[in-house]
1. Pairs please, first residue from segment 22-49 and more than 15 Å from residue 12 (Cα to Cα), second anywhere and loosely packed, with under 13 Cβ neighbours inside 10 Å and modelled with pLDDT of 75 or more, Cβ atoms under 6 Å, 6+ apart in sequence or on different chains.
2. Kindly check whether there is at least one residue in segment 25-41 that is modelled with pLDDT under 90 and in a loop (DSSP other than H, G, I, E, B).
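The values are calculated or read from the model by the stated rules, or taken from the named source; none is laboratory data. Everything numeric here is computed off the predicted structure, so don't read it as measured data. We place every Cβ from the backbone using ideal geometry, glycine too, and count neighbours over all the protein chains shown.
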């Protein structure tokens, strides 16, 4: 279930079923479980190392020599 629409659809179906069987707290439990799953799956592998420009504060690639916005030198990169 890597497709976000599939995950949302399953969550909606489970939410509806849990409302029938568990009352109003059922959808809350399903929502908390979905949140826990999404947090644990993360996505940290896609993260790019960034540093902020000391002059303007804009995010830049960690290996950049100058800021792509203000052309200020980024030291310690």
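1. Between residues of segment 22-49 that are more than 15 Å from residue 12 (Cα to Cα) and residues that are loosely packed, with under 13 Cβ neighbours inside 10 Å and modelled with pLDDT of 75 or more, the close pairs are 49/62.
2. Kept after step one, since they are modelled with pLDDT under 90, are these residues of segment 25-41: 25-41.
Okay, now just the ones that are also in a loop (DSSP other than H, G, I, E, B), so none.
No, segment 25-41 has no match at all.
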